[in-house]
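Every read-out reported here was derived from the displayed coordinates using simple, explicitly stated rules and does not represent laboratory data. Please read all numbers here as calculations on a predicted model, not as lab measurements. In this analysis, Cβ positions are derived from the backbone assuming ideal geometry, glycine residues included, and neighbour counts consider all displayed protein chains.
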């Protein structure tokens, strides 16, 4: 049996492409587990997918894919192997021909399907990474093109097995030297060969000549010797070859293409490798020089903005906003994306941010309760798993970190339901936030439309080392949150309900309000027009929290006086923000499908949980549309440049 082999260059490029594709595909699937509707990936493949440094493996793999793709095109062009992937009339006819021709044509067509899918993945991946047209449509194109890869792999193996069995598949493990390409056709030589062949046929078909009768020779003058005819096209004289013999090939001239010397057969691969290195370096350089920056402008103390959620302050009118598209969230009318505009200024003591983001609804319904004939019910659709996606308030977060890497989220977010084997798994099946080293913190600011936000406070939180789980978290009764926690201090809001989780797990209601309104009618009026459709927002002026002053502690007597059908806010406002948690003040307004949020915090709070606002700090933003944890995200952080 003939042992089939493949040239060294093809084998090296082939397996480099395979390795990069596997890394990109596996890390891409892990990232997709965080997107809405893709929980089935984590449920079935969580054991197989990577759990750490997902982004910082995915992006270099994409660069290698792009570089190898270009290198392969150069290689087959320089090595004379272009016929492998050429699509012409013969290929299309081969699809209807005999089995060998059909399989060969199918193989070529499959390669072009792969080339097109790779081009789409590279282009859309670049658009998502650099924030160019990085919205929902681009994301979905990238997602669907991804699935072409495993489909191609299966078809590619089956077709090659059908062509030559196991020996055909083993070719990619058996390297051989690259054969020299055939010489280019010389038109003059071809014409000469055709003329000679024609003369041979004429001589073979001509009837034999009769010998002439003998005659006495007559005396004649000697004839001059025949002159050789000069060959005008060749520039040299040559004798006519005897019939039936083929003229030897002419010596190469300057006008003819030079044949490649077999001793330099590696040249096409060297050229392709050099091109791949140049392209990969250019892509890394583009990432470095295309870094997003947000300038924090210096202003006078007298020009500090008033925190009222109004962007008409003079300081904001004079600053050009930085826009970033965030995506891969949930809701937002099904797109999961929101564009965010950011302005920043400081007066030497305080830093101020103006943030405007797209949100189609003003969502304030934070886990309300409704009284039915059989008692109280908590309106939720995932809260018990820490993944409420319907009855939740709008939120906005800002993450600040000094971690010296471009893709900072890989140090603070770990994509798996259980990234740490010694800690509880998440009930939501999604990843958790924590930092990888002791005393390493990332600063997280979290604004909430109902909890604390309307009273002028923005939660000051952090991502730190993984916390020790509580007994309820170990039992799976409450979600484990990893290293996410509020800064030390108190807040002025809390949940207005008590849950008996053991009773709820056994199928009983297990929920009741902490407090009930003194005046049900007044509370209902304060909540505005009540619509329990999560996708319908609240009107201007409505509020879905209840204060201590307008409520009473829960009792059977107060419950009996509350009519069936009453909706009670799920947030109770009581007390004040204190400690490190009280570092950030804010005000927000919603209008015409946009939230406008003004923020103020000291440049340096001196807290170990906070990141000072200074040059070189990285910032990320995320928007929540009535969802607990499924916020939008941005791939590349923004670097602060403080004047």
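Tabulated values for the structure
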item: Region 272-334: C-alpha gyration tensor shape, a/c 1.5 cut-off, then a/b vs b/c; result: oblate
item: Extension gain, residue 300 back to residue 277 (0.36 nm per residue minus Cα-Cα distance, nm); result: 3.3 nm
item: Gap separating the Cα centres of region 321-399 and region 56-123, nearest whole Å; result: 45
item: FRET efficiency, residue 70 to residue 99 (Cβ-Cβ, R0 45 Å, nearest 0.05); result: 0.85
item: Estimated FRET transfer efficiency (residue 166, residue 529; beta-carbon r; R0 56 Å; 0.05); result: 0.20
item: Residue 22-residue 130 pseudo-label distance in nm [points 7 Å out on the Cα-to-Cβ vector]; result: 3.1
item: Virtual spin-label span in nm between residue 370 and residue 112, 7 Å along Cα→Cβ; result: 5.7
item: Neighbour-count order for 75, 289, fewest beta carbons within 10 angstrom listed first; result: 289, 75
item: Pairwise label distance in nanometres, residue 518 with residue 578, each label 7 Å out on the Cα-Cβ vector; result: 2.5
item: Difference of contour (0.36 nm per residue) and Cα-Cα distance, residue 603 to residue 51; result: 195.3 nm
item: Length gained when the stretch residue 285-residue 158 is fully extended (0.36 nm per residue, less Cα-Cα span); result: 41.7 nm
item: Region 6-176, relative contact order in percent, only Cα pairs under 8 angstrom and at least six apart counted; result: 25
item: Shape metrics for region 6-176, restricted to C-alpha atoms - Rg then Dmax, Å; result: 17.7, 50
item: Sorted by Cβ neighbour density within 10 Å, fewest at the top, the residues 523, 458, 546, 155; result: 155, 523, 546, 458
item: Rounded if a/c under 1.5, otherwise prolate or oblate - region 582-629, Cα gyration tensor axes; result: prolate
item: Ranking of 445, 47, 590, 350 by count of other Cβ atoms within 10 Å, fewest first; result: 47, 350, 590, 445
